[in-house]
Every structure is written in structure tokens, then in C-alpha cells.
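The values are calculated or read from the model by the stated rules, or taken from the named source; none is laboratory data. Note that the coordinates shown come from a computational prediction; the quantities given were computed from them, not determined experimentally. Neighbour counts run over all protein chains shown; Cβ positions are idealised from the backbone, glycine included. What goes into the accessible areas is simple: the full protein's heavy atoms, side chains included, and nothing from ligands, DNA or RNA. Shrake-Rupley method; radii C 1.70, N 1.55, O 1.52, S 1.80 Å.
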Amino acid sequence: MLDNLFGPVQAVSCLGATHIPQRVDERGKPYAATADDAAYATFELEGGVIAQINSSWATRVRRDDLATFHVDGTLGSAVAGLTECWIQPRAATPKPVWNPDVAQSIDFFATWQKMPSNRSYDNAFKAQWELFLRHVAAGEPFRWNLLEGAKGVQLAELGLSSWAARRWVDVPPLA
């Protein structure tokens, strides 16, 4: 998603965590967790773009959707969820004064504009599967090839390396 929308990933810094070390199975029996339940990553993209992705099974939703993608630019911002998108142009951005002794009077959620839903989208997994089947059966182009898959695996492995070393890791280009 990052390299297709914003630019190639050049470096990653990642930290994983197990916030809930003991879980309970279907019969109520406790067991030690063997899987991480959160990842916190920062990515440096080509052109100086910084992206941050936090993912956790141990968080409670206090946002518009289960997954949201927040993009800030010099002319405005956008927040896209799984089915809706909200924007805030620079000219419409509120200018709050920070005072820890006074309750915030601005309803920040109310200052965003909802984009119209003028198109209905099918299930994304189904749509991509159909594209793949058309590629196999009819020879149509399919952009998510082996190299794209390898880039995803590479980035995941470099994220794990970053976590283990507790440092930034450069992402070398794949041939």
C-alpha cells in the first residue's frame, strides 16, 4: 500500500509487543501467549515522506472505523476508513490554543468533511481474486506479481530485524 500510493519504502523502524501475555482458550483454560499482539512501525519513503503504522489486537476502537488511514499533506489531510473517507482542507483546519487548564472547546471530529459515496465497491479480496483468475485464464495483466509479494516479505523480515536490533533498517531494492 505504501509504495503504490506514496512512494517506495527506503527504511523501517519497528517494535513488536505482547501486551496480553496470558490468554484463555475456549474451555476457559489459561495459557501463555506465543504470538505478538501489536506492532508499531515507522517508515521512511522516497521523497522524505514518513508513514507510521500501528496495529494491535489489544486496543479499543476510538476512531471512525476498525482500520483508518490518516494522510497529512501541506494542502490538507484525509482519513479513510474501510468504507468512508473524510477530508480537512488546510483553509478549514481549526487553530486551537493549547491550554491544559481549560477544556477544549473545539469538536475536532466536526471540522472534517465527509466525501460523497458515489461508488459502491465490491469485496476487495474477491475483486483481486477475480483479477488473478482473469490473468490466469485470459492472460490479462496482473500487477501483484512475484516481485510485489517478495517486497512484502522483505519488508516484514526487515521489520523483525529492526525490532530485534532496536534500530532503523534500510530497505535495499529487489531485482
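Numerical summary
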{"quantity": "Reachable lysines from residue 95, criterion Cα separation under 29 angstrom, eight or more residues apart if same chain", "calculated": "114"}
{"quantity": "Theoretical gain in end-to-end length, residue 11 to residue 84 [0.36 nm per residue, Cα-Cα removed]", "calculated": "23.3 nm"}
{"quantity": "Full-extension gain in nm, residue 4 to residue 67, via 0.36 nm per residue minus C-alpha separation", "calculated": "20.8 nm"}
{"quantity": "The chain - mean residue ellipticity at 222 nm from DSSP helices (-39,500 (n - 2.57) per run, n ≥ 4, rounded to 500)", "calculated": "-7000 deg cm²/dmol"}
{"quantity": "Accessible area per residue, Å², segment 53-175 with all protein chains present, probe 1.4 Å", "calculated": "83"}
{"quantity": "Nearest-0.05 FRET efficiency for residue 168 and residue 55, computed from C-beta distance (R0 22 Å)", "calculated": "0.70"}
{"quantity": "Cross-link partners of residue 151 among lysines (Cα-Cα below 24 Å; sequence separation of 8 or more within a chain)", "calculated": "126"}
{"quantity": "Residue-count net charge about residue 140 - beta-carbon cut-off 15 Å; Lys, Arg +1, Asp, Glu -1", "calculated": "+1"}
{"quantity": "Accessible-area order (highest first, 1.4 angstrom probe) of the listed residues 40, 121, 31", "calculated": "121, 31, 40"}
{"quantity": "Entry for log10 I(q)/I(0) by the Debye sum over Cα atoms at q = 0.18, 0.19 Å⁻¹ (calculated from the structure that is shown) out of (1) -1.08, -1.22; (2) -1.24, -1.32; (3) -1.35, -1.36", "calculated": "(3)"}
{"quantity": "Net length gained if the chain between residue 138 and residue 103 were fully extended (0.36 nm per residue, minus Cα distance)", "calculated": "6.5 nm"}
{"quantity": "Contact order relative to length of the chain, as percent, for alpha carbon pairs under 8 angstrom and 6 or more apart", "calculated": "23"}
{"quantity": "Paramagnetic label zone (point 7 Å from Cα along Cα-to-C-beta, residue 114; backbone N under 13 Å) in segment 63-103", "calculated": "64-65, 81, 83-87"}
{"quantity": "Amide H within-cut-off set for residue 11, under 5 Å, with H built and near neighbours excluded", "calculated": "44, 171"}
